[in-house]
Amino acid sequence: MPASKDRRYWLMKSETDVYPLAQLRKDGSAEWTGVRNYEARNLMRDQMKVGAGVLFYHSNAGPSAVVGLAEVCSAPHPDPTQFDAKSEYFDPKSTKDEPRWILVDIKFIEEFKRPVTLPDIKKTKGLENMGLIKRGRLSVQPVTPAEWDIIVKLSRA
C-alpha cells in the first residue's frame with residue numbers, strides 16, 4: 001500500500017490501557033475522544049479528511065511502537081466527552097454552541113505482524129525528521145508519504 005501524493009497521513013497515539021488497536025479492530029471504528037491539546041485538536045479540525053491514512057501508535061508500551069493502520073472515516077465533529085460531567089475529559093467551559101474540542105472517527109485497517117518500535121524508528125534512515133522523534137509528545141501528528149512508506153515497509157520486513 002504505497003503512499004499517494006493525493007492523500008494525507010497521520011500518526012495517532014493511544015496507550016494500551018486506554019484504547020489499544022485490538023479494541024479498534026473489535027469495534028471496527030471509533031471516535032478519537034479525549035484529545036485535550038490545542039495543536040492536536042487544530043490538526044484534526046482543520047487538516048484531517050475522510051480517507052486519510054493513520055499509523056496507530058501504542059505509547060507508554062514496552063516498547064512503544066506503530067502497531068497497525070487505520071483510516072479517518074468521518075469529518076471533524078465535536079468530542080461528546082467535553083459535555084459529559086462524569087467524563088475525565090469534561091470541559092465546563094465548552095458549550096454545544098461553542099465546543100472547544102473536536103475529533104474524527106477512525107476505522108481499523110490492519111494490525112502489523114511486526115510492530116515498528118520507537119528504537120527502530122529512531123535508527124532508520126529517512127525517519128530522522130519524523131515528528132515522533134522531533135516533537136515526541138503530540139498525540140496527533142502529520143506523517144509524510146515517504147515516512148508512511150518506510151514504516152509500512154518496516155512492518156513487512
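Structure data summary
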read-out	value
For region 1-95: rounded, prolate or oblate by the Cα gyration tensor [a/c cutoff 1.5]	oblate
Extension reserve of the Asp17-Glu110 stretch, reckoned as 0.36 nm per residue once the Cα distance is removed	31.5 nm
Prolate/oblate/rounded call for region 1-40, Cα gyration tensor, a/c under 1.5 rounded	oblate
Expected 222 nm ellipticity per residue - DSSP helices of 4 or more, -39500 (n - 2.57), all of the chain, to 500	-6500 deg cm²/dmol
Efficiency of FRET between Tyr89 and Lys123 - r from beta-carbon atoms, R0 35 angstrom, step 0.05	0.50
Top positive-direction residue, dipole computed over region 8-123 with Cβ charges, set Thr33, Ile106, Leu55	Leu55
For region 121-154 and region 83-113, distance of Cα centres in Å	25
Contour minus Cα-Cα distance for Ile133 and Arg25 (0.36 nm per residue)	36.2 nm
DSSP-assigned coil residues among trypsin sites (Lys or Arg not before Pro) in region 107-157, each with at most 16 further Cβ atoms within 10 Å	Lys125, Arg135, Arg137
Cα-centre dipole for region 85-157 with unit charges at Cβ (Lys and Arg positive, Asp and Glu negative), debye to 20	320
Unit charges on C-beta of K, R, D, E only; dipole of the chain, Debye	560
Kirkwood Rh and Cα Rg combined as Rg over Rh, evaluated for region 9-156	0.97
Cα-based reach from Lys113 at 16 Å (exclusive), listing lysines while leaving out same-chain residues under 8 positions away	Lys153
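Any read-out appearing in this document is the output of simple, stated calculations on the displayed coordinates, not a laboratory observation. Keep in mind it's a predicted model, so treat the numbers as computed, not measured. Because the Cβ atoms are built from the backbone with ideal geometry, glycine has one as well, and the counts that use them run over all protein chains shown.
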